[in-house]
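The values are calculated or read from the model by the stated rules, or taken from the named source; none is laboratory data. Note that the structure is a prediction, hence the values are computed from the model and not measured. For neighbour counting, all protein chains shown are included, and Cβ atoms are generated from backbone atoms with ideal geometry for every residue, glycine included. Surface accessibility is based on the protein's heavy atoms, side chains included, excluding ligands, DNA and RNA. Shrake-Rupley method; radii C 1.70, N 1.55, O 1.52, S 1.80 Å.
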Amino acid sequence: MLDLLTYENRLVLRVLLHTGIRISDALQLRTEQLKPNFWITEQKTGKRRQIGLPEPLLADLRASADSEWVFPGSRPGKHRTRQAVWKDVKRAAAALRLTANAAPHSARKVYAVELLRKYGDIGRVQRALNHGGLEVTLIYAMADKQLHAAGRRRRSKPGRKKA
């Protein structure tokens, strides 16, 4: 799906997939923050969080950033909008005929699933996502299992032919 996005929106999604931050926090990154490790304050929760970026991604971000924003918008002095990224993700999902609801926030769930798969520690996933409660983290980290279960339920409804 990343290959179908515009280059700029692909960079946004790469940051989301690598860090698990929310789209609003990624889009508000300032060029001066671009270091291998830096702190952000989450817009939604007001909590501080440390971010780490690998050098190849950091180099790509520096190359596309303007003097103020990591993700500059089409209007001077403004950053890229959530809506612009959302629209591109929806377009790419439609081109791939995905049945699952794909949106930029899906990258946060993918991050949680991958972190749980890598470390097997739900507490670590909770801390990485900066969640206050374990219940929400479980929903995120189990997103792939929920998606597969929903697909199985759809395929096994009475009256449907099995392929």
Which members of region 100-113 meet the condition of being basic (K, R) and open to solvent by 20 Å² or more (accessible area, probe 1.4 Å)? K109
Taking region 85-99 and keeping residues at negative phi and open to solvent by 40 Å² or more (accessible area, probe 1.4 Å) leaves W86, K87, K90, R91, A94, A95, L96, L98, T99
Select from region 56-106 the residues that are of a type in the set (S, T, N, Q) and touching a helix residue (DSSP H, G or I) at 6+ places or on another chain (Cβ under 9 Å) and list them in ascending order. S64, S67, S74, T81, T99, N101, S106
For the subset of region 59-80 comprising residues that are aliphatic (A, V, I, L, M) and surrounded by 15 or more Cβ atoms within 10 Å (Cβ to Cβ), which member is nearest to L27 (Cα to Cα)? V70
Please go through region 114-133 and give me each residue that is outside any helix (DSSP H, G or I) and open to solvent by less than 40 Å² (accessible area, probe 1.4 Å), ordered by number. N130, H131, G133
Identify the single condition in (1) on the phi > 0 side of the Ramachandran plot; (2) touching a Phe, Trp or Tyr at 6+ places or on another chain (Cβ under 7 Å) that H79 does not satisfy, given that it satisfies every other one. (1)
Does region 8-26 include one or more residues that are more than 27 Å from I139 (Cβ to Cβ) and loosely packed, with under 15 Cβ neighbours inside 10 Å? no
